[in-house]
Amino acid sequence: VRQVSLAFGGTQVLTDVSFEVRRGEIRAIIGPNGAGKSSMLNCINGVYQPQLGSIQLRGQSMRHLSSHQVAELGVARTFQNLALFKGMSVLDNILTGRNLQMKSNLLWQALRIGPAEREEIAQRQIVERIVDFLELQPWRNAPVGSLPYGLQKRVDLGRALAMEPDVLLLDEPMAGMSVEEKHDMSRFIIEANDALGATVVLIEHDMSVVMDISDRIVVLDYGRKIGDGTPDEVRASDA
């Protein structure tokens, strides 16, 4: 991310923000409400187009790419507000994350005939592994809307992981969770980073979580970068 600036009308949301994310790390973005954290993720995954600056992934410019195109490059995203299909099962919600890998046309998928049926069976096998990875087996066939909030957040992570992303953007994945739920989610994020090889960019307000699981941290305030470094370096600068 190089010198990114974003404004809506007369409101400046991000101003000259630069930072890099190294392959294989967990990179946190922190700051108070209104600091521009979610807007930065929206710029990275193509929801917003910054007026100034550049964003590159593996040397390829992501400027002017749509969210769908960014996803095709291997970037997955979760959001603050859950957008799950509440009437569908856990398994089927996670299966929607495999959409980019589906080669059959929509008619064949709807009818579940021929190649589409074989493809869906193969994709469901991948999803079953994610269900196991996130320890969601007891709820695999339950409607997502019937689950506690913490489990719904886990399903949301599963849907993102189903895309097999190189870069995983997590927007407050632990908001509203209990201490135990945060512990579980932290473990899954670390395992996704270690075992699945996903580079993670994380927004989180719980500083104990950020300091525990992050390799490096970017600090934003009023849309400007005011800090950047390891947890120890950021902690020392706050002091």
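Taking a point 7 angstrom from the Cα of Phe133 along the C-beta vector, which residues in segment 172-213 have backbone N less than 16 Å away?
Inside the label zone: 185-201.
In nanometres, what is the gap between the two model label sites at Arg2 and Asn141, each 7 Å from Cα along Cα-to-Cβ?
5.4
In debye to the nearest 20, how big a dipole does the chain give about its Cα centre with +1 on each Lys and Arg Cβ and -1 on each Asp and Glu Cβ?
About 740 debye.
From the helices alone, meaning DSSP H stretches of at least four residues, give me the mean residue ellipticity at 222 nm for the chain, per-run term -39500 (n - 2.57), in deg cm²/dmol to the nearest 500.
Rounded to the nearest 500, the figure is -11000 deg cm²/dmol.
Sequence gap at least 6, Cα distance under 8 Å: using those rules, report the relative contact order of the chain to the nearest whole percent.
Relative contact order, the chain: 30 percent.
Cβ neighbours within 10 Å, averaged per peptide: list 6-12, 202-208, 80-86 in order, most packed at the top.
The packing order, highest mean first, is 202-208, 80-86, 6-12.
Based on the alpha-carbon gyration tensor of segment 119-215 and its eigenvalue square roots a ≥ b ≥ c, which shape applies: rounded if a/c is under 1.5, prolate if not and a/b is larger than b/c, or oblate?
Cα axes put segment 119-215 in the oblate bin.
What are the radius of gyration and Dmax of segment 11-90, computed over its Cα atoms and given in Å?
14.1, 43
Express as a percent, rounded to the nearest 5, the fraction of DSSP beta bridges in the chain (both residues included) that run antiparallel.
Around 45 percent antiparallel, to the nearest 5.
Just how many % of Cα pairs in the chain lie over 23 Å apart, if you round to the nearest whole percent?
Tail fraction, whole percent: 51.
Counting only protein heavy atoms and using a 1.4 Å probe, what share of the accessible area of the chain belongs to carbon plus sulfur, as a whole percent?
51
What's the magnitude of the charge dipole for segment 116-181 around its Cα centre, counting Lys and Arg as +1 and Asp and Glu as -1 at the beta-carbon? Answer in Debye, nearest 20.
Roughly 180 debye for segment 116-181.
Could you give the accessible area per residue of the chain, probe 1.4 Å, as a whole number in Å²?
Per-residue accessible area for the chain comes out at 49 Å².
For every other residue with a beta carbon closer than 9 angstrom to the beta carbon of Met211, add +1 if it is Lys or Arg and -1 if Asp or Glu, then tell me the sum.
After counting each charged neighbour, the total is -1.
What fraction of the Cα pairs in segment 1-44, stated in percent, has a spacing above 12 angstrom?
Tail of the P(r) past 12 Å holds 65 percent of the pairs.
If I model a spin label as a point 7 Å beyond the Cα along the Cα-Cβ vector, how far apart are those points for His68 and Arg187 in nm?
Result: 3.9 nm between the two label points.
Accessible area of Glu128, 1.4 Å probe, to the nearest 10 Å²?
Probe radius 1.4 Å; accessible area of Glu128 about 60 Å².
The values are calculated or read from the model by the stated rules, or taken from the named source; none is laboratory data. None of the values given here were measured: they were computed from a predicted structure. Please note: Cβ atoms are built from the backbone with ideal geometry, for glycine as well, and neighbour counts cover all protein chains shown. Calculation scope for accessible area: heavy atoms of the full protein, side chains included, ligands and nucleic acids excluded. Shrake-Rupley method; radii C 1.70, N 1.55, O 1.52, S 1.80 Å.
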